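Trainee: Below are the structure tokens for one structure; questions will follow.
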Amino acid sequence: MALNAPVGVSGDDRQKCAFTVPAKATNLNKHGAAIHLNRELMVGSMVVVRNKNGTQVSARVVAQLAAMQGANTYAIEFAEQDDRVKTFWGITFPSAENRGATAQAAEQSGIMRRKRSIASLRD
């Protein structure tokens with residue numbers, strides 16, 4: 001499931017001009033997101049990202065993912081690891097341990113379905 005959210009982004013662009021613009025965050029994850037905006041940013045620079053509730057967190061621009069006709073997409077990672085970051089997207093992300101258990105359960109379920117399907121073909 002693709003997760004996205006409207007955000008505000010503030011910082012200094014490639015020309016060192018301060019800006020505050022609305023943006024779209026996609027590929028939300030507990031470490032950051034991809035942000036889509038009409039500003040050129042420097043990889044390695046810091047921005048402030050604001051969610052719909054007004055919570056602000058600092059983030060580092062770690063990569064430019066795309067640039068087409070003034071629309072730029074950047075990967076950002078949160079610079080802080082506090083409670084604001086943990087709840088920033090309003091989503092509870094599964095821990096690595098839970099993801100492993102979930103994947104195992106899904107795989108086991110698929111195996112059982114295939115076994116039942118094969119058994120029904122024999123009958």
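The values are calculated or read from the model by the stated rules, or taken from the named source; none is laboratory data. These numbers were taken from a predicted model, which means no experiment stands behind them. All Cβ positions, even for glycine, are placed from backbone atoms using ideal geometry, and neighbour counts span all protein chains on display. Note: accessible area is taken over every heavy atom of the protein model, side chains too, but ligands, DNA and RNA are not part of it. Shrake-Rupley method; radii C 1.70, N 1.55, O 1.52, S 1.80 Å.
Trainee: How many residues does the stretch 28-39 hold that are free of Cβ contacts under 8 Å to residues at least 40 places away in the same chain and surrounded by 14 or more Cβ atoms within 10 Å (Cβ to Cβ)?
Mentor: 3
Trainee: Looking only at the stretch 1-50, count every residue that is in contact with a strand residue (DSSP E or B) (Cβ under 6 Å, 6 or more places away or on another chain) and among the polar types (S, T, N, Q) and tell me the total.
Mentor: Adding up the residues that qualify gives 6.
Trainee: How many of the residues making up the stretch 61-94 are without any contact (Cβ under 8 Å) to a residue 12 or more places away in the chain and in contact with a Leu (Cβ under 6 Å, 6 or more places away or on another chain)?
Mentor: Number of matching residues: 0.
Trainee: Among the listed residues GLY11, GLY44, identify the single one that is open to solvent by less than 80 Å² (accessible area, probe 1.4 Å), modelled with pLDDT of 95 or more, not aliphatic (A, V, I, L, M) and not in a strand (DSSP E or B).
Mentor: Within the list GLY11, GLY44, the selection yields GLY44.
Trainee: Which one of these is at pLDDT 80 or above, surrounded by 10 or more Cβ atoms within 10 Å (Cβ to Cβ), under 21 Å from PRO6 (Cα atoms) and of a type in the set (S, T, N, Q): GLN69, GLN56? Explain how you work it out, then say what you get.
Mentor: Details: GLN69 fails: surrounded by 10 or more Cβ atoms within 10 Å (Cβ to Cβ).
After applying the criteria, what remains is GLN56.
Trainee: I'd like to know if the stretch 80-102 contains one or more residues that are part of a strand (DSSP E or B) and either surrounded by 11 or more Cβ atoms within 10 Å (Cβ to Cβ) or at pLDDT below 95 (or both).
Mentor: Here is the first cut: in the stretch 80-102, the ones part of a strand (DSSP E or B) are none.
No, the conditions are met nowhere in the stretch 80-102.
Trainee: In this structure, does ALA25 turn out to be small (Gly, Ala, Ser), open to solvent by 50 Å² or more (accessible area, probe 1.4 Å) and at pLDDT 95 or above?
Mentor: Taking the combined requirement at face value, the residue does not satisfy it.
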